[in-house]
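Each remark here refers to the structure printed beneath this line.
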Amino acid sequence: MTDTAAVDPATYASRLTAADLSGEVPDLMAAPPVRWGVLGAGNIAASFADGVRDRTAGRVTAVGSRSVAKAEEFAAAHAPGARAHGSYEALVADDDVDVVYVATPHSHHLEHALLAIAAGKHVLVEKPITRSVAESRLLLDAAREAGVFCMEAVWTRFLPHVAALRAAIARGEIGEVRTVVADFDVFFPYDPTHRLFAPELAGGALLDLGIYPITLAHDLLGAPDTLVTHGTLAATGVDDHVGMILGYDGGAQALLHTSSTASGGAGARIIGTRGRIEIPSGFFTPTSFEVVRADGTSWSFTSPEGEGKAYEAAEVARCVAAGLTESPRMPWSDTLEVMGILDQARAQLGVVYPGE
Ligand SMILES: NC(=O)C1=CN([C@@H]2O[C@H](COP(=O)(O)OP(=O)(O)OC[C@H]3O[C@@H](n4cnc5c(N)ncnc54)[C@H](OP(=O)(O)O)[C@@H]3O)[C@@H](O)[C@H]2O)C=CC1
Ligand SMILES: O=C1CO[C@H](CO)[C@@H](O)[C@@H]1O
(Lines give C-alpha, C1' and ligand atoms only; values in the text may rest on other atoms or scores of the structure.)
(Ligands and ions follow the chains in the order given, each with its own letter.)
Protein backbone atom coordinates (compact mmCIF):
# COMPACT_ATOMS: atom_id res chain seq x y z
CA MET A 1 0.00 0.00 0.00
CA THR A 2 1.03 3.58 -0.48
CA ASP A 3 1.77 6.49 1.81
CA THR A 4 -0.03 8.90 -0.52
CA ALA A 5 -3.20 9.33 1.52
CA ALA A 6 -2.92 12.85 0.14
CA VAL A 7 -5.94 14.53 1.63
CA ASP A 8 -4.25 17.84 2.35
CA PRO A 9 -3.91 20.33 -0.52
CA ALA A 10 -0.14 20.78 -0.15
CA THR A 11 0.52 17.05 -0.48
CA TYR A 12 -1.83 16.80 -3.43
CA ALA A 13 -0.18 19.82 -5.06
CA SER A 14 3.25 18.20 -4.64
CA ARG A 15 2.12 15.36 -6.91
CA LEU A 16 1.05 17.68 -9.74
CA THR A 17 3.08 19.25 -12.53
CA ALA A 18 3.40 23.01 -13.04
CA ALA A 19 0.95 22.68 -15.94
CA ASP A 20 -1.56 20.92 -13.67
CA LEU A 21 -1.18 23.55 -10.96
CA SER A 22 -1.90 26.35 -13.42
CA GLY A 23 -5.29 24.77 -14.17
CA GLU A 24 -4.93 26.04 -17.70
CA VAL A 25 -5.53 23.92 -20.76
CA PRO A 26 -2.79 24.20 -23.38
CA ASP A 27 -3.81 25.39 -26.85
CA LEU A 28 -4.78 22.24 -28.76
CA MET A 29 -3.59 23.55 -32.11
CA ALA A 30 -0.21 24.56 -30.66
CA ALA A 31 0.72 20.92 -30.01
CA PRO A 32 3.11 19.46 -32.62
CA PRO A 33 1.51 17.65 -35.59
CA VAL A 34 1.48 13.91 -34.95
CA ARG A 35 0.82 11.29 -37.61
CA TRP A 36 -1.64 8.87 -36.00
CA GLY A 37 -2.34 5.27 -36.91
CA VAL A 38 -5.69 4.00 -35.64
CA LEU A 39 -5.67 0.30 -34.71
CA GLY A 40 -9.25 -1.09 -34.65
CA ALA A 41 -11.99 0.78 -36.50
CA GLY A 42 -14.66 0.74 -33.78
CA ASN A 43 -16.79 3.27 -31.90
CA ILE A 44 -14.22 5.06 -29.79
CA ALA A 45 -11.72 5.12 -32.65
CA ALA A 46 -14.24 7.14 -34.66
CA SER A 47 -14.65 9.68 -31.88
CA PHE A 48 -10.87 9.95 -31.42
CA ALA A 49 -10.24 10.39 -35.16
CA ASP A 50 -12.91 13.11 -35.35
CA GLY A 51 -11.22 14.95 -32.48
CA VAL A 52 -7.78 14.72 -34.11
CA ARG A 53 -9.19 15.89 -37.45
CA ASP A 54 -11.23 18.80 -36.11
CA ARG A 55 -9.24 20.11 -33.17
CA THR A 56 -5.53 19.30 -33.46
CA ALA A 57 -2.65 20.01 -35.82
CA GLY A 58 -2.10 16.26 -36.20
CA ARG A 59 -3.89 13.88 -38.51
CA VAL A 60 -4.78 10.23 -38.82
CA THR A 61 -2.57 9.03 -41.68
CA ALA A 62 -3.53 5.34 -41.53
CA VAL A 63 -6.26 3.05 -40.23
CA GLY A 64 -5.85 -0.66 -39.53
CA SER A 65 -8.76 -3.05 -39.35
CA ARG A 66 -9.20 -6.79 -39.67
CA SER A 67 -11.22 -5.88 -42.78
CA VAL A 68 -9.83 -3.57 -45.45
CA ALA A 69 -13.36 -2.56 -46.48
CA LYS A 70 -14.05 -1.46 -42.90
CA ALA A 71 -10.78 0.47 -42.78
CA GLU A 72 -11.71 2.23 -46.04
CA GLU A 73 -15.16 3.09 -44.73
CA PHE A 74 -13.66 4.43 -41.50
CA ALA A 75 -11.11 6.53 -43.35
CA ALA A 76 -13.75 8.03 -45.61
CA ALA A 77 -15.96 8.97 -42.67
CA HIS A 78 -13.38 10.03 -40.05
CA ALA A 79 -9.94 10.43 -41.59
CA PRO A 80 -10.09 11.56 -45.19
CA GLY A 81 -6.90 10.69 -47.07
CA ALA A 82 -5.77 8.11 -44.52
CA ARG A 83 -4.30 4.87 -45.85
CA ALA A 84 -6.58 1.87 -45.20
CA HIS A 85 -4.90 -1.35 -44.06
CA GLY A 86 -6.59 -4.76 -43.90
CA SER A 87 -4.45 -5.95 -40.98
CA TYR A 88 -2.98 -4.54 -37.80
CA GLU A 89 0.44 -5.80 -38.88
CA ALA A 90 0.29 -3.64 -42.00
CA LEU A 91 -0.79 -0.62 -39.96
CA VAL A 92 2.10 -0.79 -37.49
CA ALA A 93 4.56 -1.23 -40.39
CA ASP A 94 3.33 2.00 -42.04
CA ASP A 95 6.23 4.48 -42.22
CA ASP A 96 3.82 7.43 -42.17
CA VAL A 97 2.67 6.62 -38.64
CA ASP A 98 4.34 8.10 -35.54
CA VAL A 99 1.91 6.95 -32.85
CA VAL A 100 -0.48 3.99 -32.88
CA TYR A 101 -3.78 4.49 -31.06
CA VAL A 102 -4.90 1.06 -29.81
CA ALA A 103 -8.71 1.01 -29.77
CA THR A 104 -9.56 -2.68 -29.62
CA PRO A 105 -11.36 -4.42 -26.69
CA HIS A 106 -9.42 -4.49 -23.39
CA SER A 107 -8.63 -8.19 -23.87
CA HIS A 108 -6.48 -7.32 -26.88
CA HIS A 109 -4.71 -4.13 -25.71
CA LEU A 110 -1.56 -5.93 -24.59
CA GLU A 111 -1.17 -7.93 -27.80
CA HIS A 112 -1.87 -4.97 -30.07
CA ALA A 113 0.24 -2.46 -28.16
CA LEU A 114 3.17 -4.91 -28.13
CA LEU A 115 2.74 -5.32 -31.89
CA ALA A 116 3.07 -1.56 -32.36
CA ILE A 117 6.00 -1.25 -29.95
CA ALA A 118 7.83 -4.08 -31.74
CA ALA A 119 7.48 -2.02 -34.91
CA GLY A 120 9.08 0.94 -33.14
CA LYS A 121 5.90 2.98 -32.77
CA HIS A 122 4.79 5.11 -29.84
CA VAL A 123 1.44 4.02 -28.40
CA LEU A 124 -1.68 5.51 -26.86
CA VAL A 125 -3.68 2.58 -25.48
CA GLU A 126 -7.39 2.79 -24.64
CA LYS A 127 -8.50 2.29 -21.05
CA PRO A 128 -8.02 0.01 -19.25
CA ILE A 129 -4.50 -0.26 -20.62
CA THR A 130 -4.60 -4.06 -20.13
CA ARG A 131 -6.70 -6.60 -18.20
CA SER A 132 -4.49 -6.64 -15.09
CA VAL A 133 -1.51 -5.04 -13.39
CA ALA A 134 0.69 -7.99 -14.42
CA GLU A 135 -0.14 -7.37 -18.08
CA SER A 136 0.40 -3.62 -17.61
CA ARG A 137 3.92 -4.26 -16.31
CA LEU A 138 4.70 -6.37 -19.38
CA LEU A 139 3.52 -3.57 -21.64
CA LEU A 140 5.28 -0.74 -19.82
CA ASP A 141 8.51 -2.76 -19.61
CA ALA A 142 8.35 -3.28 -23.38
CA ALA A 143 7.85 0.45 -23.96
CA ARG A 144 10.72 1.27 -21.61
CA GLU A 145 13.05 -1.19 -23.35
CA ALA A 146 12.08 0.07 -26.81
CA GLY A 147 12.38 3.69 -25.68
CA VAL A 148 8.95 4.57 -27.07
CA PHE A 149 6.20 6.70 -25.55
CA CYS A 150 3.28 4.86 -23.96
CA MET A 151 0.20 6.27 -22.25
CA GLU A 152 -3.13 4.85 -21.15
CA ALA A 153 -5.88 6.86 -22.88
CA VAL A 154 -7.23 8.43 -19.70
CA TRP A 155 -8.73 11.26 -21.72
CA THR A 156 -10.66 12.64 -18.73
CA ARG A 157 -7.45 13.82 -17.05
CA PHE A 158 -6.79 16.37 -19.82
CA LEU A 159 -10.29 17.84 -20.04
CA PRO A 160 -10.67 21.54 -19.14
CA HIS A 161 -13.02 21.03 -16.19
CA VAL A 162 -10.74 18.38 -14.69
CA ALA A 163 -7.71 20.64 -15.08
CA ALA A 164 -9.57 23.45 -13.31
CA LEU A 165 -10.87 21.11 -10.62
CA ARG A 166 -7.43 19.65 -9.85
CA ALA A 167 -5.92 23.12 -9.58
CA ALA A 168 -8.75 24.25 -7.29
CA ILE A 169 -8.19 21.32 -4.94
CA ALA A 170 -4.43 21.95 -4.93
CA ARG A 171 -5.15 25.60 -3.99
CA GLY A 172 -7.11 24.37 -0.99
CA GLU A 173 -10.50 25.64 -2.19
CA ILE A 174 -12.33 22.91 -0.28
CA GLY A 175 -9.68 22.20 2.34
CA GLU A 176 -8.61 18.61 2.90
CA VAL A 177 -10.43 16.07 0.78
CA ARG A 178 -12.29 13.70 3.11
CA THR A 179 -14.63 11.85 0.76
CA VAL A 180 -14.97 11.14 -2.94
CA VAL A 181 -18.37 9.88 -4.07
CA ALA A 182 -18.55 8.86 -7.70
CA ASP A 183 -20.46 6.48 -9.90
CA PHE A 184 -20.73 5.36 -13.48
CA ASP A 185 -23.76 3.23 -14.23
CA VAL A 186 -24.92 2.52 -17.79
CA PHE A 187 -27.59 -0.02 -18.67
CA PHE A 188 -26.43 -2.42 -21.39
CA PRO A 189 -28.95 -5.04 -22.62
CA TYR A 190 -27.52 -8.40 -21.61
CA ASP A 191 -25.67 -10.02 -24.51
CA PRO A 192 -23.06 -12.65 -23.65
CA THR A 193 -21.13 -11.82 -26.82
CA HIS A 194 -20.94 -8.05 -26.15
CA ARG A 195 -17.60 -6.78 -24.81
CA LEU A 196 -19.32 -5.60 -21.60
CA PHE A 197 -20.31 -9.19 -20.75
CA ALA A 198 -17.92 -11.52 -22.62
CA PRO A 199 -15.10 -12.85 -20.40
CA GLU A 200 -12.94 -13.44 -23.48
CA LEU A 201 -13.17 -9.70 -24.20
CA ALA A 202 -12.36 -8.88 -20.54
CA GLY A 203 -15.96 -7.86 -19.92
CA GLY A 204 -17.45 -6.44 -16.76
CA ALA A 205 -18.55 -3.05 -15.50
CA LEU A 206 -15.43 -2.55 -13.40
CA LEU A 207 -12.87 -2.43 -16.20
CA ASP A 208 -15.06 -0.58 -18.67
CA LEU A 209 -16.95 1.92 -16.49
CA GLY A 210 -15.69 1.56 -12.92
CA ILE A 211 -12.23 2.63 -14.00
CA TYR A 212 -13.50 6.23 -14.25
CA PRO A 213 -14.65 6.69 -10.63
CA ILE A 214 -11.63 4.70 -9.43
CA THR A 215 -9.26 6.93 -11.43
CA LEU A 216 -10.90 10.06 -9.99
CA ALA A 217 -10.59 8.79 -6.42
CA HIS A 218 -7.04 7.60 -7.01
CA ASP A 219 -6.00 10.95 -8.46
CA LEU A 220 -7.24 12.82 -5.39
CA LEU A 221 -6.46 10.34 -2.62
CA GLY A 222 -3.85 7.92 -3.97
CA ALA A 223 -3.93 4.13 -3.69
CA PRO A 224 -6.16 3.00 -0.82
CA ASP A 225 -5.02 1.19 2.31
CA THR A 226 -8.18 -0.93 2.36
CA LEU A 227 -10.76 -1.93 -0.22
CA VAL A 228 -14.18 -3.44 0.36
CA THR A 229 -16.09 -4.57 -2.71
CA HIS A 230 -19.66 -5.82 -2.96
CA GLY A 231 -21.25 -6.84 -6.23
CA THR A 232 -23.09 -9.22 -8.49
CA LEU A 233 -22.01 -11.17 -11.55
CA ALA A 234 -23.71 -11.65 -14.90
CA ALA A 235 -24.41 -15.17 -16.17
CA THR A 236 -21.08 -15.06 -18.03
CA GLY A 237 -19.21 -14.64 -14.73
CA VAL A 238 -18.13 -11.03 -15.16
CA ASP A 239 -19.19 -8.27 -12.74
CA ASP A 240 -22.28 -6.23 -13.59
CA HIS A 241 -23.17 -4.20 -10.45
CA VAL A 242 -20.44 -3.18 -8.02
CA GLY A 243 -20.07 -0.96 -4.96
CA MET A 244 -16.66 -0.17 -3.48
CA ILE A 245 -15.36 1.55 -0.36
CA LEU A 246 -11.75 2.69 -0.59
CA GLY A 247 -10.32 3.40 2.86
CA TYR A 248 -7.26 5.50 3.73
CA ASP A 249 -5.28 5.38 6.96
CA GLY A 250 -5.52 9.17 7.16
CA GLY A 251 -9.32 8.80 7.46
CA ALA A 252 -10.38 9.66 3.92
CA GLN A 253 -12.81 7.46 2.01
CA ALA A 254 -14.04 6.96 -1.53
CA LEU A 255 -17.53 5.56 -2.09
CA LEU A 256 -17.72 4.35 -5.66
CA HIS A 257 -20.25 2.51 -7.77
CA THR A 258 -20.41 1.04 -11.23
CA SER A 259 -22.98 -0.99 -13.08
CA SER A 260 -23.92 -2.28 -16.51
CA THR A 261 -27.42 -3.14 -15.29
CA ALA A 262 -28.63 0.28 -14.09
CA SER A 263 -29.06 3.70 -15.66
CA GLY A 264 -27.40 6.00 -13.17
CA GLY A 265 -25.17 8.16 -15.32
CA ALA A 266 -21.85 9.38 -14.02
CA GLY A 267 -21.87 11.89 -11.19
CA ALA A 268 -19.24 12.85 -8.66
CA ARG A 269 -18.94 14.77 -5.40
CA ILE A 270 -15.66 15.67 -3.76
CA ILE A 271 -16.15 16.58 -0.13
CA GLY A 272 -13.55 18.48 1.84
CA THR A 273 -13.15 20.03 5.27
CA ARG A 274 -14.04 23.50 3.94
CA GLY A 275 -16.49 22.80 1.15
CA ARG A 276 -17.42 20.49 -1.69
CA ILE A 277 -17.21 20.18 -5.45
CA GLU A 278 -20.19 18.83 -7.34
CA ILE A 279 -19.94 17.49 -10.88
CA PRO A 280 -23.51 17.10 -12.04
CA SER A 281 -23.30 14.37 -14.66
CA GLY A 282 -20.91 12.81 -17.10
CA PHE A 283 -17.92 13.79 -14.97
CA PHE A 284 -15.65 11.86 -17.33
CA THR A 285 -16.71 13.92 -20.38
CA PRO A 286 -16.35 17.68 -20.99
CA THR A 287 -18.77 19.18 -18.44
CA SER A 288 -19.05 21.66 -15.58
CA PHE A 289 -18.57 21.66 -11.81
CA GLU A 290 -19.56 23.83 -8.88
CA VAL A 291 -17.45 24.66 -5.84
CA VAL A 292 -19.62 25.27 -2.76
CA ARG A 293 -17.61 26.56 0.18
CA ALA A 294 -18.56 26.18 3.83
CA ASP A 295 -18.66 30.01 4.15
CA GLY A 296 -21.61 30.10 1.75
CA THR A 297 -19.73 31.33 -1.31
CA SER A 298 -19.62 29.35 -4.53
CA TRP A 299 -18.32 29.46 -8.07
CA SER A 300 -18.61 27.25 -11.09
CA PHE A 301 -16.66 26.27 -14.18
CA THR A 302 -17.92 25.06 -17.54
CA SER A 303 -15.80 23.32 -20.16
CA PRO A 304 -15.88 24.73 -23.67
CA GLU A 305 -17.91 22.60 -26.07
CA GLY A 306 -16.28 20.17 -28.46
CA GLU A 307 -14.94 16.65 -28.77
CA GLY A 308 -12.84 15.77 -25.73
CA LYS A 309 -10.37 13.19 -27.07
CA ALA A 310 -8.33 15.96 -28.73
CA TYR A 311 -6.92 17.01 -25.33
CA GLU A 312 -5.24 13.65 -24.72
CA ALA A 313 -4.08 13.57 -28.37
CA ALA A 314 -2.40 16.95 -27.85
CA GLU A 315 -0.72 15.71 -24.65
CA VAL A 316 0.71 12.73 -26.55
CA ALA A 317 1.95 15.06 -29.29
CA ARG A 318 3.72 17.31 -26.76
CA CYS A 319 5.33 14.36 -24.96
CA VAL A 320 6.50 12.63 -28.15
CA ALA A 321 8.00 15.87 -29.46
CA ALA A 322 9.80 16.30 -26.14
CA GLY A 323 11.26 12.80 -26.40
CA LEU A 324 9.42 11.51 -23.30
CA THR A 325 8.41 7.88 -22.80
CA GLU A 326 5.63 8.73 -20.34
CA SER A 327 3.39 11.69 -19.66
CA PRO A 328 4.22 13.49 -16.41
CA ARG A 329 0.49 14.29 -16.17
CA MET A 330 -0.63 10.67 -16.61
CA PRO A 331 2.40 8.72 -15.38
CA TRP A 332 2.83 4.96 -15.54
CA SER A 333 2.70 4.79 -11.74
CA ASP A 334 -0.91 6.04 -11.83
CA THR A 335 -1.84 3.45 -14.43
CA LEU A 336 -0.26 0.65 -12.35
CA GLU A 337 -1.93 1.73 -9.10
CA VAL A 338 -5.37 2.01 -10.71
CA MET A 339 -4.91 -1.39 -12.37
CA GLY A 340 -3.96 -2.71 -8.93
CA ILE A 341 -7.26 -1.47 -7.47
CA LEU A 342 -9.17 -3.08 -10.35
CA ASP A 343 -7.28 -6.35 -9.75
CA GLN A 344 -8.18 -6.30 -6.06
CA ALA A 345 -11.84 -5.51 -6.72
CA ARG A 346 -12.07 -8.29 -9.31
CA ALA A 347 -10.42 -10.74 -6.94
CA GLN A 348 -12.91 -9.88 -4.19
CA LEU A 349 -15.76 -10.56 -6.62
CA GLY A 350 -14.17 -13.73 -8.02
CA VAL A 351 -13.95 -12.49 -11.62
CA VAL A 352 -11.19 -14.29 -13.53
CA TYR A 353 -10.47 -13.90 -17.23
CA PRO A 354 -9.53 -16.74 -19.57
CA GLY A 355 -5.84 -17.57 -19.27
CA GLU A 356 -5.30 -15.76 -15.96
N1 LIG B 1 -12.27 6.77 -23.86
C2 LIG B 1 -13.56 6.49 -23.99
O3 LIG B 1 -14.43 7.33 -23.78
C4 LIG B 1 -13.96 5.14 -24.44
C5 LIG B 1 -13.04 4.12 -24.44
N6 LIG B 1 -13.39 2.89 -24.86
C7 LIG B 1 -12.40 1.82 -24.85
O8 LIG B 1 -12.04 1.55 -26.19
C9 LIG B 1 -11.93 0.16 -26.41
C10 LIG B 1 -12.84 -0.21 -27.58
O11 LIG B 1 -14.17 0.08 -27.26
P12 LIG B 1 -15.27 0.37 -28.39
O13 LIG B 1 -14.73 1.29 -29.41
O14 LIG B 1 -16.50 0.76 -27.70
O15 LIG B 1 -15.41 -1.08 -29.01
P16 LIG B 1 -15.89 -1.50 -30.47
O17 LIG B 1 -16.37 -2.89 -30.35
O18 LIG B 1 -16.78 -0.48 -31.06
O19 LIG B 1 -14.54 -1.47 -31.31
C20 LIG B 1 -13.47 -2.31 -31.01
C21 LIG B 1 -12.74 -2.64 -32.31
O22 LIG B 1 -11.69 -3.54 -31.98
C23 LIG B 1 -11.43 -4.39 -33.08
N24 LIG B 1 -11.31 -5.78 -32.61
C25 LIG B 1 -10.19 -6.53 -32.66
N26 LIG B 1 -10.39 -7.72 -32.14
C27 LIG B 1 -11.68 -7.76 -31.76
C28 LIG B 1 -12.48 -8.78 -31.17
N29 LIG B 1 -12.01 -9.99 -30.87
N30 LIG B 1 -13.77 -8.49 -30.93
C31 LIG B 1 -14.26 -7.28 -31.20
N32 LIG B 1 -13.54 -6.28 -31.77
C33 LIG B 1 -12.26 -6.53 -32.05
C34 LIG B 1 -12.55 -4.18 -34.08
O35 LIG B 1 -12.01 -3.39 -35.12
P36 LIG B 1 -11.77 -3.94 -36.60
O37 LIG B 1 -12.97 -4.79 -36.91
O38 LIG B 1 -11.70 -2.71 -37.38
O39 LIG B 1 -10.50 -4.73 -36.60
C40 LIG B 1 -13.59 -3.37 -33.33
O41 LIG B 1 -14.29 -2.51 -34.16
C42 LIG B 1 -12.26 -0.51 -25.09
O43 LIG B 1 -11.08 -0.92 -24.45
C44 LIG B 1 -12.96 0.55 -24.26
O45 LIG B 1 -12.67 0.48 -22.89
C46 LIG B 1 -14.63 2.67 -25.33
C47 LIG B 1 -15.59 3.66 -25.38
C48 LIG B 1 -15.33 4.96 -24.88
O1 LIG C 1 -15.14 4.54 -21.73
C2 LIG C 1 -16.33 4.41 -21.96
C3 LIG C 1 -17.23 5.55 -21.80
O4 LIG C 1 -18.59 5.25 -21.76
C5 LIG C 1 -19.10 4.10 -22.40
C6 LIG C 1 -20.54 3.90 -22.06
O7 LIG C 1 -21.31 5.02 -22.30
C8 LIG C 1 -18.25 2.89 -22.10
O9 LIG C 1 -18.78 1.69 -22.62
C10 LIG C 1 -16.87 3.16 -22.54
O11 LIG C 1 -15.97 2.11 -22.45
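Which residue is surrounded by the fewest Cβ atoms within 10 Å (Cβ to Cβ), if the candidates are limited to the stretch 138-157 and must be assigned to a helix (DSSP H, G or I) and in contact with a helix residue (DSSP H, G or I) (Cβ under 7 Å, 6 or more places away or on another chain)? Restricting to residues being assigned to a helix (DSSP H, G or I) and in contact with a helix residue (DSSP H, G or I) (Cβ under 7 Å, 6 or more places away or on another chain), the top hit is Leu138.
Report, by residue number, each residue of the stretch 115-137 that is within 16 Å of ligand 2 (Cβ to nearest atom) and either part of a loop (DSSP other than H, G, I, E, B) or modelled with pLDDT under 95 (or both). Give the steps one after another, and end with the answer.
Residues of the stretch 115-137 within 16 Å of ligand 2 (Cβ to nearest atom): 124-131.
Glu126, Lys127, Pro128, Ile129, Thr130, Arg131 - these are the residues of the stretch 115-137 that are within 16 Å of ligand 2 (Cβ to nearest atom) and either part of a loop (DSSP other than H, G, I, E, B) or modelled with pLDDT under 95 (or both).
Out of Ala163, Ala182, Ala168, one residue alone is touching a Pro at 6+ places or on another chain (Cβ under 7 Å), within 30 Å of Asp295 (Cβ to Cβ), in contact (Cβ under 8 Å) with a residue 40 or more places away in the chain and more than 13 Å from ligand 1 (Cβ to nearest atom). It is Ala182. The criterion of being assigned to a loop (DSSP other than H, G, I, E, B), among the basic types (Lys, Arg), assigned by TED's automatic domain parsing to the domain that holds Asp295 and within 30 Å of Ile117 (Cβ to Cβ) holds for Arg195.
Considering only residues of the stretch 260-295 that are away from ligand 1 (no atom under 16 Å from the Cβ) and among the polar types (S, T, N, Q), which is surrounded by the fewest Cβ atoms within 10 Å (Cβ to Cβ)? Looking at the filtered set, the residue picked out is Ser263. Here is the figure for the stretch 224-253: residues that are under 18 Å from Val180 (Cα atoms) and acidic (Asp, Glu) total 2. Of the helices (runs of 4 or more DSSP H) lying entirely inside the stretch 1-92, the ones with 3 or more residues being within 16 Å of ligand 2 (Cβ to nearest atom) are found at 43-55. Among the residues of the stretch 302-312, is there at least one that is assigned by TED's automatic domain parsing to the domain that holds Asp185, part of a strand (DSSP E or B), surrounded by 15 or more Cβ atoms within 10 Å (Cβ to Cβ) and out of contact with any helix residue (DSSP H, G or I) (no Cβ under 6 Å at 6 or more places or on another chain)? No: the stretch 302-312 contains no residue that is assigned by TED's automatic domain parsing to the domain that holds Asp185, part of a strand (DSSP E or B), surrounded by 15 or more Cβ atoms within 10 Å (Cβ to Cβ) and out of contact with any helix residue (DSSP H, G or I) (no Cβ under 6 Å at 6 or more places or on another chain).
Across the stretch 303-356, the qualifying residues are those that are at pLDDT 95 or above and among the acidic types (Asp, Glu), and the one among them that is nearest to Ala223 (Cα to Cα) is Glu337.
If we scan the stretch 105-114, do we find a residue that is part of a loop (DSSP other than H, G, I, E, B), surrounded by fewer than 24 Cβ atoms within 10 Å (Cβ to Cβ) and within 16 Å of ligand 2 (Cβ to nearest atom)?
Taking the stretch 105-114 as the starting set, the residues that turn out to be part of a loop (DSSP other than H, G, I, E, B) are 105.
Keeping just the survivors that are surrounded by fewer than 24 Cβ atoms within 10 Å (Cβ to Cβ) gives 105.
Filter once more, keeping what is within 16 Å of ligand 2 (Cβ to nearest atom): 105.
Checked the stretch 105-114: at least one residue is part of a loop (DSSP other than H, G, I, E, B), surrounded by fewer than 24 Cβ atoms within 10 Å (Cβ to Cβ) and within 16 Å of ligand 2 (Cβ to nearest atom).
Taking first residues from the stretch 209-223 that are more than 11 Å from ligand 2 (Cβ to nearest atom) and partners that are modelled with pLDDT under 95 and not small (Gly, Ala, Ser), the Cβ contacts under 7 Å between residues at least 6 apart in sequence or on separate chains come to Leu220/Tyr12; Leu221/Val7; Gly222/Thr2; Gly222/Thr4; Ala223/Met1; Ala223/Thr2; Ala223/Thr4.
What number of residues within the stretch 190-218 are away from ligand 1 (no atom under 16 Å from the Cβ) and within 13 Å of Val338 (Cβ to Cβ)?
Initially, the stretch 190-218 is screened for residues away from ligand 1 (no atom under 16 Å from the Cβ), giving 190, 217-218.
From what's left, within 13 Å of Val338 (Cβ to Cβ): 217-218.
Of the residues in that region, 2 qualify.
The values are calculated or read from the model by the stated rules, or taken from the named source; none is laboratory data. For clarity, every value in this text was computed on a predicted model and none was experimentally measured. Ideal geometry is used to build each Cβ from the backbone, glycine not excepted, and the neighbour counts take in all protein chains shown.
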